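Structure record follows, encoded as structure tokens.
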Amino acid sequence: MDYRSSIESSETLRNKCAACYRQFNKMEHLVEHMKISYHSGHEPTCGVCKKHCRSFESLREHLIGPLPKQECKNIFSLRGCRFCMMILESPNARRTHQERCQFSSANAVIFVGLTTRMAALGLRDKAMIDYTSSRSPKVVALSCKMVGGGSDGSLDLCARVCITDESDNVVFHTYVKPSMIVTNYRYGTTGIRPEHLRDAMPLKHAQRKIQEFLCNGEPMWKIRPRGGRGRILVGHGLDHDLDRLQLEYPSSIMRDTAKYPPLMKTSKLSNSLKYLTQAYLGYDIHVGIQDPYEDCVATMRLYTRMRYQKHKTEAYPQAADAQNRSNQVAWRQNEVERMSPDEMLSISRSDYYCWCLDSLA
């Protein structure tokens, strides 16, 4: 290597992003990259080389393929948990950890049969009703199952809804009578028959009960992300479920596993709940007839796994926070170009709300 090539190589290394390790020919290009990348300690990070990834899917590609970093792959294959992507101290520690990290669907399957029979008989357990008022869960998961309406049966109509708490207890569960004629019961996936909906709870009645429960005695306009009484609502594709229930709820206290950046594909598209459950919880769902209780349990477990990640605590963790917006002067080109890559990373903030912040609230 000649002298000029050596200089260019050292300059490129100096202009290497401290988070994703991309290299730039000029410092000004690195600065522009940092302005739009929103790197932060809330991103999934390789436990071997400490590279930041935009999503767990990106981290999985980095560790196990199709074109992984070989050194990281070798260590991960020996000491890495395939569910939470953590690197453990030894292969034995990995085996012990992974046994705890993998969830089981056995309890859900047992309860699914119970709730199905209860709803078919038009019954609701009294303990469930008392539970909503006495222990008052702060975080709940919601899932709906749809039947088809319209001339071709393609219009989604909510026909069954379930709400659970963080301990997988059923808070609310009922069949719902749609406000229009059902033309396709989609029995193969929903298990719903005409007799289930004949004496089911009217949509307006279910809507009112669910909204009152979620708001928890607080007016909708007064609900706020922190310090309010409204419950955090977890689910997968919540916008669609709430739309079919004809409900509105503040997006600031919704936790949707279909739209959470760390759980999305590298292409920034949503992963299916079936895939997320298999990849990050270690068991299969949607085998045969789909039950909303099963979906509630899976989304709550995914939310809990994301919430209890250990990230660095910062006073203003989001780029959208007022304090960070007022500090945009810190990104003035001539000042930032004098910073090291590590210093630039230290002032960079995330562009999404990390669920770990819920555990701090």
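May I ask which residue of 269, 102, 345 lies farthest towards the positive end of the charge dipole of the chain, with charges of +1 (Lys, Arg) and -1 (Asp, Glu) on Cβ and the Cα centre as origin?
Comparing the listed Cα positions along the dipole, 102 ranks first.
Working out 0.36 nm times the residue gap between residue 26 and residue 96, then minus their Cα-Cα distance, what length gain in nm do you get to one decimal? Don't jump to the answer; show the numbers that get you there.
Working: separation 70, 0.36 × 70 = 25.20 nm, distance 4.66 nm.
Result: 20.5 nm gained on full extension.
Hey, any idea what the orientation-averaged projected area of the convex hull of the chain's Cα atoms comes to, in nm²?
If you wrap the Cα atoms of the chain in a convex hull and average its projections, you get 22.4 nm².
Straight-line reach from residue 310: which lysines have a Cα under 19 Å away, not including same-chain ones fewer than 8 places off?
Residue 310 reaches 50, 51.
As a test of the formula, what do you get for the chain when each DSSP H run with n ≥ 4 contributes -39,500 (n - 2.57) and the sum is divided by the residue count, at 222 nm and rounded to the nearest 500 deg cm²/dmol?
Mean residue ellipticity at 222 nm (helix-derived): -11500 deg cm²/dmol.
Longest exposed-loop-site-free stretch of the chain, with GluC sites (Glu not before Pro), DSSP loop and at most 10 other Cβ within 10 Å?
Working: sites that count: 89, 248.
Longest site-free region, per DSSP loop and neighbour criteria: 90-247.
Roll a 1.4 angstrom probe over the protein heavy atoms and tell me the percent of accessible area of the stretch 208-334 that is carbon or sulfur.
Carbon plus sulfur share of accessible area: 51 percent.
So which aspartates and glutamates can residue 35 reach, going by Cα to Cα under 18 Å and dropping same-chain residues fewer than 8 places off?
Reachable aspartates and glutamates: 43, 321, 335, 337, 342, 343, 351.
Where a Cα-Cα gap under 16 Å defines reach, which lysines qualify for residue 265, not counting those fewer than 8 residues away within the same chain?
Correct list for residue 265: 274.
Over the chain, with the other protein chains present, what is the accessible area per residue in square angstrom, probe 1.4 angstrom?
Heavy-atom accessible area per residue stands at 52 Å².
Let me check against my output: what whole-number percent is the relative contact order of the stretch 254-304, with C-alpha pairs under 8 Å and at least 6 apart?
32
State the extension gain, in nm to one decimal, for the chain segment bounded by residue 14 and residue 50, taking 0.36 nm per residue of separation less the distance between their alpha-carbons. Walk me through the intermediate numbers first.
Numbers: separation 36, 0.36 × 36 = 12.96 nm, distance 1.77 nm.
Fully extending the segment from residue 14 to residue 50 adds 11.2 nm.
Estimate the FRET efficiency between residue 289 and residue 169 by the formula 1/(1 + (r/R0)^6), using the beta-carbon distance for r and 35 Å for R0, to the nearest 0.05.
With a Förster radius of 35 Å, E is 0.95.
Does a label point 7 Å from the Cα of residue 321, set along Cα-to-beta-carbon, have any residues of the stretch 337-353 with amide nitrogen under 14 Å, and which are they?
Label zone hits: 346-353.
The values are calculated or read from the model by the stated rules, or taken from the named source; none is laboratory data. This is a predicted model, so every value here is computed, not measured. Cβ atoms come from the backbone with ideal geometry, glycine included; neighbour counts cover every protein chain shown. When the accessible area is computed, the model is the full protein with side chains, heavy atoms only, and any ligands, DNA or RNA have been set aside. Shrake-Rupley method; radii C 1.70, N 1.55, O 1.52, S 1.80 Å.
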